[in-house]
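Input: a single structure, listed below in structure tokens.
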There are 2 protein chains.
Amino acid sequence: MKKGEQTKNNILQTGARIIHQSGYNSTGIQEVLKSAGVPKGSFYFYFRNKQDFGLQLIDYYADFFYSRLDYYLDLKQETFLNRLRLFFAEFIQELENNKCQGGCPLGNLSQEMADIDEDFREKLNQIFLQIRGKIEYFLQESSKNKELSPEYDPGELAHFILNSWQGALLQMKVSKTVEPLKNFDRLIFETILNSRRQK
Amino acid sequence: MKKGEQTKNNILQTGARIIHQSGYNSTGIQEVLKSAGVPKGSFYFYFRNKQDFGLQLIDYYADFFYSRLDYYLDLKQETFLNRLRLFFAEFIQELENNKCQGGCPLGNLSQEMADIDEDFREKLNQIFLQIRGKIEYFLQESSKNKELSPEYDPGELAHFILNSWQGALLQMKVSKTVEPLKNFDRLIFETILNSRRQK
């Protein structure tokens, strides 16, 4: 990585952590740069303004989710439904270790920004469609392998699973337990999907 | 309703509308009182401070959801699963009419406040448990009537349905369509619950 890319990545990484904790509107650029140890002038070399930084941050978060989805998709010793289940299970474990702090950075930004900034909303919408597409791919493969009952349309189900997960994360924040996430795991993978396999 | 109760109710009703649109932290008490046409002194007669107002507002929102749940629970000509489905269908219709603005006031407050105010978090957690209990009651009755497959535990399922609905509302904000809500309706009531009835 070149020096310039390193600086940019450092700003994004630091911003990602702070904004995940405190939200976009409550976080000042100054705070991010101070924590990253980068002078203010450098910021405007990489980003037009705070909004541009926020939009690039969405891609930064998204790349993390894409690569993790790709990692689980490639676990060849597992069924496709189990690969998807393990993808969520890692987050459940991490959130349990982190005492339920933070939740999903993309879900948080959606709640905070979707009604007030149309560029954020459009960007987040695109990213969720991408993530949904990747979840759909696990389900299409499970469908081909007859792991998934033909009653389920992989696209519809991927949409439903992603939304249900986001809702479980919101309830995790309110209850300060991972029980909503474990409820999601049990209902989706044991009751709804698994038992259908035996039909 | 006595004059004092009317004034208090007027403040809560006006605050409920404004905070649903703009969020709790962005809304000033002054703005609520001006819009309600109530002098500032009156506010401190009914509420200790803004936080006390916010906590009472949660009850105000909750009462609305409780009474709507009770209304649908009492629709004797419908099956219990259909009564629950119709409860959600009315919100889907309203949100479609309102161009997907607002979402769930309790979900919004959760996202905004759960990590930063422990009194809000506890209050919201209690209210969601109450709402979940009411949804569970529809499902217990459907279970008794054999509308619901015995594989489903009504409490687990009520938890899951409430969380999935909250997640669908979040995705509605991002996509600015009611498609996530219709996806929730189809998956829960047609694919997951209805087809099991025929087992």
Put the label 7 Å from Cα along Cα→Cβ for B:Gly41; what are its distances to the other copies, in nanometres, shortest first?
5.9
Once both axes come from the Cα atoms, what is the angle between helix B:3-22 and the longest principal axis of chain B, in degrees from 0 to 90, rounded to 10?
70
Inter-chain shielding metric for B:172-184, i.e. average beta-carbon neighbours from other chains within 10 angstrom, reads 5
Measuring from the axis that superposes chain B on chain A, report the chain B residue with the minimal C-beta distance, rounded to whole Å.
B:Gly167, 1
As a test of the formula, what do you get for chain B when each DSSP H run with n ≥ 4 contributes -39,500 (n - 2.57) and the sum is divided by the residue count, at 222 nm and rounded to the nearest 500 deg cm²/dmol?
-23500 deg cm²/dmol
Describe numerically, in nm with one decimal, the distance between label points set 7 Å from Cα along Cα→Cβ at B:Glu5 and at A:Lys182.
4.4
With a point put 7 Å past each Cα toward its Cβ, work out how far A:Glu190 is from B:Ile116 in nm, to one decimal.
3.7
The stretch B:78-136: GluC sites (Glu not before Pro) falling in loop per DSSP and having at most 15 other Cβ within 10 Å
B:Glu78
Taking chain B as a Gaussian network, Cα atoms linked when under 10 Å apart, which of B:Phe87, B:Phe45, B:Phe53 shows the biggest mean-square fluctuation?
B:Phe45
Ascending list, in nanometres, of distances separating the B:Leu86 label from those of the other copies (7 Å, Cα toward Cβ)
4.7
How tilted is helix A:80-97 with respect to the longest principal axis of chain A? Cα atoms for both, answer in degrees (0 to 90, nearest 10).
50
Relative contact order %, chain B, counting alpha carbon pairs below 8 Å whose residues are six or more apart
21
Please list, in order along the stretch B:140-152, the HN-Hα scalar couplings obtained from phi with the Karplus expression 6.51 cos²θ - 1.76 cosθ + 1.60 (θ = phi - 60°), rounded to whole Hz, x for Gly and Pro.
4, 5, 5, 5, 4, 7, 6, 6, 10, 4, x, 4, 8
Of A:Leu187, A:Leu55, A:Leu84, the most mobile residue in a GNM of chain A (C-alpha springs, cutoff 10 Å) is A:Leu187
Given the options A:Leu33, A:Leu109, A:Leu139, state which has the largest fluctuation in a GNM of chain A using a 10 Å cut-off (strictly under) for Cα springs.
A:Leu33
Figure the gain on full extension for A:Asp74 and A:Ser26 (residue separation times 0.36 nm, minus the Cα-Cα span) and round it to one decimal in nm.
13.4 nm
Give the nm distances, rounded to one decimal, from B:Glu156 to the matching residue in every other copy, measuring between label points 7 Å along Cα toward the beta carbon; shortest first.
2.3
Gained length - B:Asp63 relative to B:Lys40, 0.36 nm times residue gap less alpha-carbon distance:
5.7 nm
Give me the percent relative contact order of the stretch B:72-188, please, defined on Cα pairs under 8 angstrom at least 6 residues apart.
33
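Any read-out appearing in this document is the output of simple, stated calculations on the displayed coordinates, not a laboratory observation. Computed from a prediction, not measured in an experiment: that's the story for all the values here. Neighbour counts run over all protein chains shown; Cβ positions are idealised from the backbone, glycine included.
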